[in-house]
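All remarks here apply to the structure that follows.
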2 protein chains.
Amino acid sequence: MNFTDFLSSIVPFTDGELKDIVSHFKKETVLKNQTLVRQGEICKTLYFVEKGMGRSYYLNESGKEITQWFFGIGKFMSSVDSFFQQTPSLYYLEVLEDTELYSISKSDIDQLFAKYHKMETMGRLVATEMLTKMVNKLNAIQFQTARERYDYMLAEFPDIAYQVPLGHIASYLGMTQETLSRIRKG
Amino acid sequence: MNFTDFLSSIVPFTDGELKDIVSHFKKETVLKNQTLVRQGEICKTLYFVEKGMGRSYYLNESGKEITQWFFGIGKFMSSVDSFFQQTPSLYYLEVLEDTELYSISKSDIDQLFAKYHKMETMGRLVATEMLTKMVNKLNAIQFQTARERYDYMLAEFPDIAYQVPLGHIASYLGMTQETLSRIRKG
DNA sequence: AAATTCCTTTGACATAGGTCAAATAATGGG
DNA sequence: CCCATTATTTGACCTATGTCAAAGGAATTT
């Protein structure tokens with residue numbers, strides 16, 4: 001999904017606005033397995049995924065990686081609360097394959113929020129959408145069996161489910177990889 | 001928490017703006033156990049809780065009430081996705097004790113969002129805060145033991161934890177009331 | 001204040017999914 | 001293409017929490 005098209009699809013920006021907004025983002029390519037943010041750092045950048053995918057994860061007490069979220073094409077990617085509150089990130093952010101991103105700093109996006117009322121609207125709509133998705137995951141995790149949670153994963157991230165290591169998905173779904181392996185087989 | 005003070009604490013509105021914004025809300029008192037929204041209805045109103053508390057819940061396959069969220073003093077209360085997307089609500093919304101609310105319709109708040117850039121900013125900030133809280137709950141539900149989840153509840157809703165029926169809290173935390181009862185005892 | 005309904009506790013037992021350990025299979029660097 | 005990692009599968013066993021059933025308590029209603 002092209003970044004400009006994405007923006008237009010959310011709020012009816014004019015061509016001039018779009019051009020100005022996009023000019024504040026920097027296009028960059030990041031190679032597979034590269035880490036964008038570490039646990040404890042303040043996340044300085046918000047990314048839009050134009051191609052590729054990423055995930056956020058943290059290390060639990062026993063040092064195991066727990067996937068917190070997947071970010072596919074056409075989504076904003078960041079350690080959201082760290083970026084917006086400028087507090088230390090609870091999560092690592094990494095790219096799972098070669099990925100093309102549009103990136104912007106906190107101060108730059110705040111300027112855009114201040115400059116364009118419509119940009120603020122977009123921020124609200126994106127946050128609300130994310131909130132809805134988070135609620136869906138919560139329902140899946142809280143009330144569904146391991147097998148149903150995997151079905152939720154397939155529905156929510158059809159493009160991602162078959163392209164990342166099984167362990168990443170298992171921890172995202174709150175189960176062990178052994179359990180997920182048995183589910184996929186059965 | 002007074003509604004006007006709450007608004008000022010989020011974004012620096014002028015007195016005139018505050019007056020205009022608050023004038024679009026309607027103050028109302030709702031009695032204990034009253035239902036504000038039913039599952040399947042489109043949620044037409046957003047509420048701000050000035051006094052009292054409420055919860056959202058849904059009925060699962062076996063007809064059991066599952067608490068989805070608690071709304072305490074100083075929070076916006078609604079079936080969020082139903083209200084903002086104007087889609088049928090997945091949840092019931094009810095008041096758990098006599099409660100004082102400021103209410104506003106979708107079209108009225110959209111007008112305020114359109115009229116005041118700052119109002120849009122407030123919307124984004126409130127949505128982001130809610131998102132953060134949702135992530136916290138998700139982490140609790142996904143990775144913590146029943147006892148730790150109860151500790152999370154005490155931290156997140158200290159004012160509510162001791163004032164609502166144990167069964168409401170148990171379902172919110174994704175455990176049975178028997179388990180919660182044993183935890184509280186031990 | 002008796003009756004009814006709702007809420008909480010307790011006990012016995014069942015099970016989904018976890019843990020640990022080891023065997024395969026797949027992947028990527030030299 | 002081979003070796004060293006890294007990822008996945010499989011099996012045996014374990015445990016936290018669920019289910020079911022029933023008994024006490026509290027709180028409303030008449």
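The values are calculated or read from the model by the stated rules, or taken from the named source; none is laboratory data. All figures in this text were calculated on a predicted structure; none of them were measured in a lab. Here the Cβ positions follow ideal geometry from the backbone for every residue, glycine too, while neighbour counts run over all protein chains shown. Calculation scope for accessible area: heavy atoms of the full protein, side chains included, ligands and nucleic acids excluded. Shrake-Rupley method; radii C 1.70, N 1.55, O 1.52, S 1.80 Å.
Taking the listed residues A:Asp81, A:Asp110, the one that is within 14 Å of chain B (Cβ to nearest Cβ), out of contact with any Ser or Thr (no Cβ under 8 Å at 6 or more places or on another chain) and acidic (Asp, Glu) is A:Asp110, with no other qualifying.
The set of residues in region B:46-100 that are under 19 Å from B:Met134 (Cβ atoms) and among the small types (Gly, Ala, Ser) comprises B:Gly54, B:Ser56, B:Gly72, B:Gly74, B:Ser78, B:Ser79, B:Ser82, B:Ser89. Pairs linking a residue in region B:126-147 that is at the interface with chain A (Cβ under 7 Å from one of its Cβ atoms) to a residue that is of a type in the set (Ser, Thr, Tyr), with Cβ atoms under 6 Å and 6 or more positions apart or on different chains, are B:Ala127/A:Thr128. In region B:147-186, the qualifying residues are those that are among the charged types (D, E, K, R) and open to solvent by 70 Å² or more (accessible area, probe 1.4 Å), and the one that is nearest to DNA strand D (Cβ to nearest atom) is B:Glu178.
For every residue, the table says whether it meets (1) under 23 Å from A:His24 (Cβ atoms); (2) charged (D, E, K, R); (3) out of contact with any strand residue (DSSP E or B) (no Cβ under 7 Å at 6 or more places or on another chain); (4) in contact (Cβ under 8 Å) with a residue 40 or more places away in the chain.
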position: A:Leu46; (1), (2), (3), (4): yes, no, no, yes
position: A:Ile66; (1), (2), (3), (4): no, no, no, yes
position: A:Lys75; (1), (2), (3), (4): yes, yes, no, no
position: A:Ser89; (1), (2), (3), (4): yes, no, no, yes
position: A:Glu94; (1), (2), (3), (4): no, yes, no, yes
position: A:Glu100; (1), (2), (3), (4): yes, yes, no, yes
position: A:Asp110; (1), (2), (3), (4): yes, yes, yes, no
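Among the residues of region A:132-143, those that are in contact with a Leu (Cβ under 9 Å, 6 or more places away or on another chain) and either of a type in the set (Val, Ile, Thr) or open to solvent by less than 10 Å² (accessible area, probe 1.4 Å) (or both) comprise A:Met134, A:Val135, A:Lys137, A:Leu138, A:Ala140, A:Ile141. Flag: A:Ala114 does not match the condition of being within 18 Å of B:Lys137 (Cβ to Cβ), small (Gly, Ala, Ser) and without any contact (Cβ under 8 Å) to a residue 60 or more places away in the chain.
Listed by position, the helices (runs of 4 or more DSSP H) inside region B:82-186 whose residues that are within 16 Å of DNA strand C (Cβ to nearest atom) number at least 3 are B:117-143, B:146-156, B:166-172, B:177-185.
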